[in-house]
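Values quoted throughout were computed directly from the atomic coordinates according to the rules given, and no laboratory measurement underlies them. For clarity, every value in this text was computed on a predicted model and none was experimentally measured. Virtual Cβ from ideal backbone geometry, glycine too; neighbours counted across all protein chains shown.
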Amino acid sequence: MSGHSDYYIDQLLINTKFQYCINQVLNFNYCSATWALGSQPKKLVNGDVNDDGLTNIADAVNLAKHSADPTAYPISAYGFFAADINSDHEVTNADLVALIKMI
């Protein structure tokens, strides 16, 4: 994905996971630091919204559902960066169109 270095993505994912963990702790839920840090940095697969390692129609369906109702169909931090096809730091219908064209 142009505009995002692997280091930048890794740091944003870690920060997002820690923010999630803090919210879980404040809500008296459990969150593990191992999950937040992960054992290996993850390589971003452009368009892999559902984080299954592939870019296919399932990703387009997930992104379309998320675009229609983000509350009912949330995507993960990884999914957000994978869905930001045009690297404008937003996930919009333009990214959905680009994802469909990729498939």
> Modelled label-to-label distance, A64 and S76, 7 Å Cα→beta-carbon offset: nm?
Replying inline: 2.3
> In nanometres, what is the gap between the two model label sites at I103 and D88, each 7 Å from Cα along Cα-to-Cβ?
Replying inline: 2.1
